[in-house]
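First the structure, in the form of structure tokens, and then the observations on it.
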Amino acid sequence: MADVAIAGAGLAGPLLGVFLARRGHDVTLYERRPDPRRADAAGRSINLALSARGIDALERVGLADEVLDHGLAMRGRAVHDRNGVLAYQPYSADGSKAINSISRHGLNAVLIDAAAKQPGVIVNFEARAVDVVPDTGELTVDEVGGRRVVTHDVVIAADGAYSALREAVVRNARADYRQEHLPWGYKELTIAPGPNGEFALEPGALHIWPRGDSMMIALPNPDHTFTVTLFWPFDGPAGFDGLEDEASVVARFERDYPDSVELFEDLAGEFARHPVGALVTVRVWPWVCGRVGLLGDAAHAIVPFFGQGMNCAFEDVVELDHCLDETGEDWAAALSAYAERRKLNAEAIADMALDNFVEMRDRVGSPRFRLAKRVEHALERWAPGRFESLYELVSFTTVPYAQARERAAAQRRFPANLAALGAAATARVGSLFAMRASS
């Protein structure tokens, strides 16, 4: 069995620790933050959308029910126009399928607990993995007491979009590497419960305020609050820049999201206190160098507009586990196979997430988009198994992302082919009637 180091105890890191410990490996997790389970150590509040791929990974280690018990099912989008009029768009043809609003902080605590309970797992907090020698597995760690160097058989970099260990892979492997930043950022706010402690908005939906030049979304929490995320440009009339006092913040919301203003308990205060985050896509190859492998955002950070960042990272864990099975625990072969299989799918979901950004920002509020969704759902009901929308394939199945994209592209031709067939049949019937009339 191998001695495995995992840099990062966010989400994918501790889940991988559970999988590997169950295989009998010794696992050491290094996390730069204090223990997030401590009351004074809460991190980002941004909610996550847990869907079929992530649930599948959690089910494999018996954690799905516990996680879902603390989530809220969202079966569609509630789209708010500028006049406060709502248009509900179910995610599935029958309205039954849901994505699940999950607290990042709560999920992180569940995963760290699960990893820490496994025999052979050690979790080191306030211990940042800052460098690694791929050929030897020598890992440099900065801790409260100073810097030390430790050696592991295998090192997995699951330390996020701005991974420190990825630099070692890029440095040593003639890698292709680039970061693609959107000229938009995000900021998190909170919608408080209503006057009687009830949800201020419908909790069974993901709420979205699409404005073309800006966007706001809200996801429900079990405590009857909503986690709100603003997706705005950094600059310009719809951007974050220039909102420097309470009056300007309130004026912006009254202009763009007037039905939400009274729902915030501390709109201007939270806006001032909370930072603006960056939206980045990371593309790198190779993912493996020597004893080091990249996983999750360290290998393929994506923007959050398809709700698949966490789900994709959890799929990485499942795929690596499969590869260890297939190779008889040969780590070099398993890492190589894992990277080859996941790279195409990671590229596919990265591109689809960028496409979905445009859809959410510009299209979801249009009558044409709503009509197209109704047609999609009608086709799904009429031809089950033959027609599944891209959203259905990505969110409610474990069909590999690249295959889902290919199938959706082929199926987009299906309505056109059906219409052409109907037109041809109509023309044929018409010609027969014409022939009979002339005879």
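So, GLY24, is that one outside any helix (DSSP H, G or I), in contact with a Gly (Cβ under 8 Å, 6 or more places away or on another chain), assigned by TED's automatic domain parsing to the domain that holds GLN308 and within 23 Å of LEU230 (Cβ to Cβ) or not?
Details: outside any helix (DSSP H, G or I): yes; in contact with a Gly (Cβ under 8 Å, 6 or more places away or on another chain): yes; assigned by TED's automatic domain parsing to the domain that holds GLN308: yes; within 23 Å of LEU230 (Cβ to Cβ): no.
No; evaluated as a whole, the condition is false for this residue.
Scan GLY212, GLY242 and give me the residue that is farther than 21 Å from GLY76 by Cβ, modelled with pLDDT under 95, assigned to a loop (DSSP other than H, G, I, E, B) and touching a Lys or Arg at 6+ places or on another chain (Cβ under 8 Å).
Details: GLY242 fails: touching a Lys or Arg at 6+ places or on another chain (Cβ under 8 Å).
Only one candidate qualifies: GLY212.
Kindly indicate whether ILE112 is touching a residue at least 60 places away in the same chain (Cβ under 8 Å) and in contact with a Ser or Thr (Cβ under 6 Å, 6 or more places away or on another chain).
Here the answer is no, as ILE112 does not meet what is asked.
Please tell me if ARG341 is more than 28 Å from PHE231 (Cα to Cα) and touching a Pro at 6+ places or on another chain (Cβ under 9 Å). Give the steps one after another, and end with the answer.
Values: more than 28 Å from PHE231 (Cα to Cα): yes; touching a Pro at 6+ places or on another chain (Cβ under 9 Å): yes.
When the stated conditions are applied, ARG341 passes them.
Of the conditions (1) touching a helix residue (DSSP H, G or I) at 6+ places or on another chain (Cβ under 8 Å); (2) assigned to a loop (DSSP other than H, G, I, E, B); (3) crowded, with 16+ Cβ neighbours inside 10 Å, PHE253 satisfies every one except a single condition; which number is it?
Failing condition for PHE253: (2).
Can you find a residue that is part of a loop (DSSP other than H, G, I, E, B), over 15 Å from ALA301 (Cα atoms) and in contact with a helix residue (DSSP H, G or I) (Cβ under 9 Å, 6 or more places away or on another chain) anywhere in region 141-153? Walk me through it before giving the result.
Here is the first cut: in region 141-153, the ones part of a loop (DSSP other than H, G, I, E, B) are 144-145, 152-153.
If we keep only those that are over 15 Å from ALA301 (Cα atoms) as well, we get 144-145, 152-153.
With in contact with a helix residue (DSSP H, G or I) (Cβ under 9 Å, 6 or more places away or on another chain) added as a condition, the list becomes 153.
Yes, there is a match, as at least one residue in region 141-153 is part of a loop (DSSP other than H, G, I, E, B), over 15 Å from ALA301 (Cα atoms) and in contact with a helix residue (DSSP H, G or I) (Cβ under 9 Å, 6 or more places away or on another chain).
For every residue, the table says whether it meets (1) acidic (Asp, Glu); (2) at pLDDT below 95; (3) surrounded by 14 or more Cβ atoms within 10 Å (Cβ to Cβ).
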position	(1), (2), (3)
ALA93	no, yes, yes
ALA98	no, no, yes
ASP131	yes, no, yes
ASP135	yes, no, no
VAL150	no, no, yes
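Select from region 256-285 the residues that are of a type in the set (Val, Ile, Thr) and either more than 28 Å from the chain's Cα centre (by Cα) or not in a strand (DSSP E or B) (or both) and list them in ascending order.
Of everything in region 256-285, those that are of a type in the set (Val, Ile, Thr) and either more than 28 Å from the chain's Cα centre (by Cα) or not in a strand (DSSP E or B) (or both) turn out to be VAL261, VAL276.
Of all residues in region 157-179 being surrounded by 14 or more Cβ atoms within 10 Å (Cβ to Cβ) and acidic (Asp, Glu), which is farthest from LEU15 (Cα to Cα)?
Per the stated criteria, the residue is GLU167.
Can you name every one of the helices (runs of 4 or more DSSP H) wholly within region 309-402 that holds 3 or more residues which are crowded, with 19+ Cβ neighbours inside 10 Å and either at pLDDT below 95 or small (Gly, Ala, Ser) (or both)?
Filter on region 309-402 gives 331-358, 367-382, 390-396.
ARG291 versus (1) out of contact with any Ser or Thr (no Cβ under 9 Å at 6 or more places or on another chain); (2) not assigned by TED's automatic domain parsing to the domain that holds GLU188: which is the lone unmet condition?
Here ARG291 clears every test but (1).
The values are calculated or read from the model by the stated rules, or taken from the named source; none is laboratory data. It should be emphasised that the depicted structure is a prediction, and the values quoted were computed from it without experimental measurement. Ideal geometry is used to build each Cβ from the backbone, glycine not excepted, and the neighbour counts take in all protein chains shown.
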